[in-house]
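K.L.:
Before anything else, here's the structure in question.
The values are calculated or read from the model by the stated rules, or taken from the named source; none is laboratory data. What you see is a predicted model; the values in this text were computed from it and never measured. Because the Cβ atoms are built from the backbone with ideal geometry, glycine has one as well, and the counts that use them run over all protein chains shown.
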Amino acid sequence: MSEGPGLADGAVVVAPILEIRGVAKRFDATQALEDVSLSLHAGEIHALLGENGAGKSTLIKIITGVHQPDSGQILLGGQPVTIRSAAEAQRLGVAAIYQEPLLFPDLNVAENIFISHQDRGAVVGWRAMFGEAEKILAELGMTLDVRKPARGLTLAAQQSVEIAKAISLNVRVLIMDEPTASLSAHEVQELFKLVRDLKRQGVAILFVSHRMEEVFEIADRITVFRDGRLISTRTRLEATPQRAIADMVGREIDLTKARTTCAQKDVVLSVADLGRQGVFEGVNFDLHRGEVLGFAGLIGAGRTDVGLALFGIEPATSGRILLGGKPVTVRTARDGMSLGIAYVSEDRRQLGLVLPMSIFANITLPVLRRYLSRLGLVRTGLERRTADTFRDRLAIRTPSVDLEVAKLSGGNQQKVMLSKWLNTNPSVLILDEPTRGVDVGSKAEVHAIIGQLAAEGIGVIVISSDLPEVLVLSDRVLIMREGRQMAILDRAEANEETVMTAAMGQRSTDSIDGRPS
């Protein structure tokens, strides 16, 4: 393990701005952190990696004053400090931004930037505040109308406002917790420009992410937590993605190895010239039993819209859908379910699961009629037995299927959502962003589950913004751009270059109809 900053890009080694020494924190029977030490230096981007439950969030809450450590010490500028609240953390120059920006939608941009300033008095100097907000945004290379409400801003613009808020507080330490999870590739690069600018200004940045490629693009040092303990701290030059993953999960995991194909000759789903007026058009493909068909393309290409049309949530207005060679009409989600189509939403918290409900209630919800007695009462015993079967089958980590879904990690929530739709016995399974927001260990498990489902003969469609994931999982890749199908590539043809070339508008006429030659 390498100690000391070892900063990249010619940064000067100096004493840390923030230092964590031997911090521990227990919640009831759970040891969330144990003897953790970490340092952040001026002008450093320090990545923090770990599976869900590794202790990352607990450390962030201790640094920002939400939790108090049971033992250990926090030093800021070399001096011991006790941070009792988020407001106190901000006064000390410590700020955090999160995956979901915490803006007030009905306040204007300037008000959101200065919302944490308690010393401006009862009378607001609007002209001065607008001017100061514009100056801060200009320093970040951002042009926003500071007089307009925050409602309607893109996620990237909202993140910029959060960073501007931190700068207005003279931030010395900026914690970024999964800030790119909901951003497109272009928006990520725009955010990284801001982060690098803050680095040049001497801000110490703690960058928490599940996206390994982003970590190795931007980080100077990489620290890994596992089970509440610090496992390693290495410079970017010393670390490798494989080494970091092994530190995170305690074993070797290869997310780059393509799954073994098990596609059969039988066509389970056939789509001919499918379209939805004003959204997408001209989609053609056959999905074989046991095949994984990946949908790739830039944000807004129409991939999710095709999935929604196939399931009936937003039905197609043109074209044909055939299941088992027979034409079908899919106008509602109930139609889709009755025909053996299942759709796993990309937004598991808002659209996929009922978080306050139990695991077993979520799993049986789409087919609740199966669990009713003759008197119309729900047979909860039968529900629990079904849920237990899926707990074993998908390795859902929970002491009981009676537990609220909200209390599960992201990876286990994803497995519950998969169980919910597998319980409908689908012949076609559409997975929209199946590993968004889950840690690397859970990602490997979800990939294995997808391979297992294909081996069982289910036709699987994987819609993902993670191109390496699409390439690893798919037998073929359908590429879309601006609502139109550009190509379908066999596994042997599909790589990052060929897929991105098609996604950027270079259409392949050889394989556009989706029928393998």
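K.L.:
Go through the residues of region 63-70 one by one and say whether even a single one is within 30 Å of residue 235 (Cβ to Cβ), in contact (Cβ under 8 Å) with a residue 12 or more places away in the chain, in a helix (DSSP H, G or I) and not acidic (Asp, Glu).
P.N.:
Among the residues of region 63-70, at least one is within 30 Å of residue 235 (Cβ to Cβ), in contact (Cβ under 8 Å) with a residue 12 or more places away in the chain, in a helix (DSSP H, G or I) and not acidic (Asp, Glu), which makes the answer yes.
K.L.:
With the requirement that a residue be over 27 Å from residue 451 (Cβ atoms) and of a type outside the set (A, V, I, L, M), what does region 261-311 give you?
P.N.:
Residues satisfying the conditions are 273, 275, 276, 277, 278, 280, 281, 282, 300.
K.L.:
Within the bounds of region 72-90, is there any residue that is in contact with an Asp or Glu (Cβ under 7 Å, 6 or more places away or on another chain) and of a type in the set (A, V, I, L, M, F, W, C)?
P.N.:
Yes, region 72-90 has at least one match.
K.L.:
Quick check on this structure: which one of 482, 496 is farther than 30 Å from residue 423 by Cα, touching a residue at least 40 places away in the same chain (Cβ under 8 Å) and acidic (Asp, Glu)?
P.N.:
482
K.L.:
Further question: Looking at 319, 290, 278, which one is outside the structural domain of residue 37 (by TED's automatic domain parsing) and touching an Asp or Glu at 6+ places or on another chain (Cβ under 7 Å)?
P.N.:
When all the criteria are applied, what remains is 319.
K.L.:
Then there's this: Which members of region 467-485 meet the condition of being farther than 15 Å from residue 257 by Cα and not small (Gly, Ala, Ser)?
P.N.:
Scanning region 467-485 gives 476, 477, 478, 479, 480, 481, 482, 484, 485.
K.L.:
Only residues that are within 26 Å of the chain's Cα centre (by Cα) and closer than 25 Å to residue 174 by Cβ: list them for region 24-35, please.
P.N.:
Within region 24-35, 32, 33 qualify.
K.L.:
Can you give me the number of residues within region 457-482 that are assigned to a loop (DSSP other than H, G, I, E, B) and either of a type in the set (Lys, Arg) or farther than 21 Å from residue 322 by Cα (or both)?
P.N.:
Of the residues in that region, 5 qualify.
K.L.:
Given the condition in contact with a strand residue (DSSP E or B) (Cβ under 8 Å, 6 or more places away or on another chain), farther than 15 Å from residue 345 by Cβ, surrounded by 20 or more Cβ atoms within 10 Å (Cβ to Cβ) and in contact (Cβ under 8 Å) with a residue 12 or more places away in the chain, answer yes or no: does some residue in region 408-421 qualify?
P.N.:
no
K.L.:
Being over 28 Å from residue 202 (Cβ atoms) and in a loop (DSSP other than H, G, I, E, B) is the filter here; which residues of region 112-140 pass it?
P.N.:
Keep residues of region 112-140 that are over 28 Å from residue 202 (Cβ atoms), which gives 121-127.
Within region 112-140, 121, 122, 123, 124, 125 qualify.
K.L.:
Another question, then. Any residue at all in region 355-373 that is over 30 Å from residue 264 (Cα atoms) and in contact (Cβ under 8 Å) with a residue 60 or more places away in the chain?
P.N.:
The answer is no, given that none of the residues of region 355-373 is over 30 Å from residue 264 (Cα atoms) and in contact (Cβ under 8 Å) with a residue 60 or more places away in the chain.
K.L.:
Okay, next question. Determine, yes or no, whether residue 168 is in the same structural domain as residue 89 (by TED's automatic domain parsing) and either of a type in the set (Phe, Trp, Tyr) or modelled with pLDDT under 80 (or both).
P.N.:
Details: in the same structural domain as residue 89 (by TED's automatic domain parsing): yes; either of a type in the set (Phe, Trp, Tyr) or modelled with pLDDT under 80 (or both): no.
Considered against the rule, which asks whether it is in the same structural domain as residue 89 (by TED's automatic domain parsing) and either of a type in the set (Phe, Trp, Tyr) or modelled with pLDDT under 80 (or both), residue 168 comes out as no.
K.L.:
Which residue pairs have Cβ atoms under 9 Å apart, sit 6 or more places apart or on different chains, and have a first residue in region 126-153 that is crowded, with 18+ Cβ neighbours inside 10 Å and a second that is of a type in the set (Phe, Trp, Tyr) and not in a loop (DSSP other than H, G, I, E, B)?
P.N.:
Qualifying pairs under 9 Å: 146/130.
K.L.:
Another question, if that's okay. Can you tell me which residue is surrounded by the most Cβ atoms within 10 Å (Cβ to Cβ) among those in region 387-406 that are out of contact with any Leu (no Cβ under 9 Å at 6 or more places or on another chain) and among the charged types (D, E, K, R)?
P.N.:
Per the criteria, the residue is 391.
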